[in-house]
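Okay, structure first, notes after.
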Amino acid sequence: MRWWRRERVGAAPAQPRWVWAALPLAGALLTASCAPLGAWFLQFPALAGLAWAVGRMSPGQAARAGWLFGLGWLVSGLWWLYISMHDFGGLAAPLAALAVVLLAALLSLYLAAAMAAVAAWRTGRPTADGLLYVGAWLLAELARAAWFTGFPWGAPGYAHTDGLLAPLAPWIGVYGLTAVAALWGTVLAQWWGPQRPRALAVLAVALPLAAALAPSDFTRPTGSLTVSLLQPDVPQDIKFDPNRLAGNMLALRAQVLAAPGQLVLTPESVLAVPQADLDPAYWQSLIQPFTQGERAALIGTFLGNDQQGYVNSMVGISAAGVARGQAYAYGKRHLLPFGEFVPPGFHWFVEMMQIPLGDQARGQSQAAFAVGGQQVRPLICYEDLFGEDFADSLVGPQAPTVLANASNLAWFGRWMMQDQHLQFSRMRALEFQRPLVRATNTGATAAIDHHGVVLRRLPAWTPGRLDVTVEGRTGDTPYARWLARWHLGPLWAAGLLAGLPALVWRLLQRRTARPAGTMQP
């Protein structure tokens, strides 16, 4: 045991306490770099601080550093989950707070493993070690996005819907932006060291500069569409209250019937009971204006039954659909863990919080909804975090010209979460150069153009309607093309290749360090 302790201490000196205390604070700067604060430039010193610390640590210390950094980042970015679990789920305050911390702690394990690998394989060469840090960050975020259904909320790349790196979004997407931000971080961390990473500095500057100078529009206009975005502002604590249901539905009908847009878009689950349980007379009165003429509606409801399960859906009503004798229906495919599907072994947790329709079935359709000469692709709430899930529907002759997100964020309170989700929608608009409209229950209801700029937005937590005109777009960005063909594979490959120089260097070091006469394997 003595030799192990000697090697562990000798591998890297004990770190000052202030380093461990500073790491969660540095992680919180990642949250500050994204919405609602939007101080994107804070991301670079935060990532530089982690790179500096890990560069002086043993693998075990680096794992701890990555975990603490991730804990500060994710707790500060996900604290609003406490509101859904405590205020609406009825979970005791200590348990709700503990659940948020445990989730952040588990998600931080990806970054902990990545930083341990950086410390284990570093070479002392600035270029190799810098690329290793970039690749480790990229792989950690890809794993968080893809494994165990994925939960990529608050990925660092989202900070760059604005600022220096934004022109890269149509080329490399949000995870590529995360890697470039890590590149800037490692350049800053090493710049005042004994060996400056000049090659990496040139690369860090050249990438956004080249994107800014390259052609910026990969899509072209297809005409305009007037859209009415509804924001009913029904508090979550009364949304499923049977005593308030009738009043809420009458108010919704009045809002739908008064909307003038060619497309009327409601939030998700705006009808709080499955469509099969609705009064047929009410449903007919709701959709009647859209069964003739050129106007159409996408209405949030649940389709299905007790036997087959219920699907969170957007039902499209148009005269063309009525003439064909079929209604358009889009069902949510990427479900939110615990809120919409229950992981094995956790039914007790969902039952404790009494979440309505907390274990749903997955939808299947990816087809767009035709209205006003445009093809509208619905996305339901959490789905617009996963561009890789629907990229294949964005290429080809039937590709959508407008993206439409329907959400209900009333579960999560008044602060932060709405602005975060709006920024995610802005990134999808940037990546695919499509306009994106959002209809939400309590906010953020907004229209975004194909460059990710918010054109108009309703005030949150007020009932209202946003009437906007958006310009449909057709064509493919580079990111859309390769994402549709290869999914996230190129980014996984880039992350692995980034670590290759460090691995090769270490193998060469071991080979040259062999004593003379040692047999080669």
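Tabulated data for the structure shown
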| item | result |
| --- | --- |
| Helical segments meeting 15 Å axial Cα length and Kyte-Doolittle -0.5 threshold in the chain (DSSP H) | 17-33, 43-54, 59-78, 93-121, 126-146, 169-190, 198-213, 242-258, 500-512 |
| Helical mean residue ellipticity (222 nm; -39500 (n - 2.57) per DSSP H run of 4+; nearest 500) of the chain | -15000 deg cm²/dmol |
| Linear extension gain, Gln284 paired with Ala320, 0.36 nm per residue minus alpha-carbon span | 11.3 nm |
| Per-peptide average of other Cβ atoms within 10 Å, ordering 379-390, 203-214, 253-264 highest first | 379-390, 253-264, 203-214 |
| Extreme residue, positive dipole direction of region 221-476, given options Val264, Phe390, Tyr328 (C-beta unit charges) | Val264 |
| Difference of contour (0.36 nm per residue) and Cα-Cα distance, Gln15 to Arg362 | 120.1 nm |
| For Gln375, net neighbour charge (Lys/Arg +1, Asp/Glu -1) across residues whose Cβ lies under 12 Å away | +3 |
| DSSP beta bridge pairing in region 221-476, given as percent antiparallel to the nearest 5 | 65 percent |
| Neighbour-count order for Trp73, Trp20, Trp171, Trp67, fewest beta carbons within 10 angstrom listed first | Trp20, Trp171, Trp67, Trp73 |
| Sorted by Cβ neighbour density within 10 Å, fewest at the top, the residues Leu42, Leu394 | Leu42, Leu394 |
| Lys, Arg +1 and Asp, Glu -1 on Cβ, resulting dipole of region 221-476 about Cα centre, debye, nearest 20 | 540 debye |
| Likely footprinting exposure, Val19, Val174, fewest C-beta neighbours within 10 Å first | Val19, Val174 |
| Assigned charges on the beta-carbon of Lys, Arg, Asp, Glu; the chain dipole about Cα centre (debye) | 2260 debye |
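Just so you know, all these numbers are worked out from the coordinates, no wet-lab data involved. If you're wondering where the values come from, they're calculated on a predicted model, not measured in any experiment. Ideal geometry is used to build each Cβ from the backbone, glycine not excepted, and the neighbour counts take in all protein chains shown.
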